[in-house]
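So the structure is just underneath, and the comments pick up after that.
Taken together, the values in this text are just the output of simple stated rules run on the coordinates, not laboratory data. Everything quoted here is computed from the prediction, not taken from an experiment. Virtual Cβ from ideal backbone geometry, glycine too; neighbours counted across all protein chains shown.
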């Protein structure tokens, strides 16, 4: 169980001490303390400061020796040159877990090379200390403690993130935290996030070992600059991917990318083709793009995976339908022409100018129940498709409400504003039957609404479980990579 792994203590400490805090808002350590307050952390917080008596309302201590207990975790945000001495003081206190946020270790090159990494490694070995970093942004655990909705252990993310089954291990602090700055525009939440930085002591392999047995992690995200334990990585991911999906970004291979890595974390990037081959062999879903990284994770986190490569396309506009179909087939997947019997069934309910072949183009039609419920249900029950992309789930009432703002229109209009509760009820009635069918038949359905992603109707769709996109390229691209993973799982199961 993950509770027995040493990383469990980093994610669930009952007391934390901080070096490098102040009350000015200019200290990352102080921001981390404020994040704990925002996250309703119920453990003990011990700021350490030579001059201040209190930091953000907490009693400050001159040294770790003065703290009345051994902190379960220590966080260091100070100049690199003083970190070895702090490690020594922590070791003498009996501390066993440290997170080193500070930079200035292995990532410095040229005439700035130093032996600080070797020094803290030697001290940590002497005192039995495990540490994350240096040059990282800390950790996040959305399932900390009593597992209440508003409770987390958070020293790395500024926003409140909904609880989910997606966990990240990243050699970039930014990818583990900054991508969550706009949670209102993300339909995926977070389980845990570990920024491992330079990996002087704890690396991505350690994180994978933890995530493998973590019940709150179903989907794993990785950002990789280099792998120090390649053989163990291979062994581990081969164990994980048949049961839990992994989506990864590998940075390296280009001259500019390698140059950036050397100055960032001191990483020595390998051949990008080798990494791609390893990922493909082990069932890791690879992407080069952060948005796609999140799109894939969002689809996977719903745990409704297609059984095959056959896409059904439902649209109320010919152009997007054609572009979706073209993109699907360019990805090596199939948009099958539907059987004559299925076409006959569809033609009975489609407008006279519609097409039932696939894409199912019903043209512009305001018959919402048949568009949202009946058409997807017929395709899902048919056994002829494995996934659906549906274009045109537009919020017509949002458009009409905008027209009603103009007096010259409003005084003649034979339509009126609908109260929010009416529209909330409508969205629920239109979405829930299809969401249930999607789960029942294991057929993911991805919706496209070209209106604003944060429009009232879009928000209603998302609230009711819709996997929603503003345009049609992203859902096809992401779902195509999910299908590759499904094919890998099938091959593994047949071995």
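Looking at the chain, what % of its DSSP beta bridges pair antiparallel, to the nearest 5?
Details: 8 of 56 bridges.
Beta bridges within the chain, antiparallel portion: roughly 15 percent.
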Practice task
Quick one: angle between helix 272-282 and the longest Cα principal axis of the chain, in degrees between 0 and 90, rounded to 10, please.
Solution key: 70
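Order the peptides 289-298, 6-15 from the highest to the lowest mean number of other Cβ atoms within 10 Å of their residues.
Numbers: 289-298: 19.9, 6-15: 18.1.
Top of the packing list down: 289-298, 6-15.
How would you order 97-104, 336-343 from highest to lowest mean count of nearby Cβ atoms within 10 Å? Could you put the intermediate results ahead of the total?
Working: 97-104: 24.0, 336-343: 14.8.
Packing proxy ranking, top to bottom: 97-104, 336-343.
As a test, work out the antiparallel percent of DSSP beta bridges whose residues both lie in region 82-213, rounded to the nearest 5.
Working: 5 of 13 bridges.
Around 40 percent of the beta bridges assigned by DSSP in region 82-213 are antiparallel ones.
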Exercise for the section: Enumerate the residues in region 208-242 having an amide nitrogen under 11 Å from the point lying 7 Å beyond the Cα of residue 8 toward its Cβ. Expected result: 214-215
Practice task
Return one number: the angle in degrees, 0 to 90 and rounded to the nearest 10, between the long axis of the Cα atoms of helix 116-127 and the longest principal axis of the Cα atoms of the chain.
Solution key: 80
Exercise for the section: Can you tell me the relative contact order of region 2-300? Whole percent, Cα pairs under 8 Å, sequence separation 6 or more. Expected result: 15
Handout entry: Extension reserve of the residue 368-residue 490 stretch, reckoned as 0.36 nm per residue once the Cα distance is removed
Key = 40.2 nm
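Just the number, please: percent antiparallel of the DSSP beta bridges in region 305-494, rounded to the nearest 5.
Numbers: 1 of 15 bridges.
Taking every DSSP beta bridge with both residues in region 305-494, the antiparallel ones total about 5 percent.
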Exercise for the section: With a point put 7 Å past each Cα toward its Cβ, work out how far residue 38 is from residue 400 in nm, to one decimal. Expected result: 4.0
Exercise for the section: Would you please put 275-284, 54-63, 376-385, 406-415 in order of how densely packed they are, using the mean number of other Cβ atoms within 10 angstrom per residue and starting with the highest? Expected result: 376-385, 275-284, 54-63, 406-415
Handout entry: Computed lengthening from residue 122 to residue 439, 0.36 nm per intervening residue step minus Cα-Cα distance
Key = 108.9 nm
Fill in the blank from the handout: At the level of C-alpha centres, the distance separating region 428-495 and region 126-186, in angstrom, is 26
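Just need the relative contact order of region 305-494 here, percent rounded to a whole number, with Cα pairs under 8 Å and 6+ apart.
Computed over region 305-494, the figure is 28 percent.
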Problem - Part-to-part distance (alpha-carbon centres) for region 321-354 and region 197-211, which is given in Å - result: 46
Exercise for the section: When a/c is below 1.5 the answer is rounded, else prolate if a/b is larger than b/c, else oblate, so apply that to region 135-220 with a ≥ b ≥ c taken from the square roots of the Cα gyration tensor eigenvalues. Expected result: oblate
Handout entry: Helix 420-441 axis, angle to the chain major axis (alpha carbon atoms, nearest 10°)
Key = 90
Completion exercise
Everything considered on the Cα gyration tensor (a ≥ b ≥ c; rounded for a/c under 1.5, else prolate if a/b is larger than b/c, else oblate), region 168-217 must be described as oblate
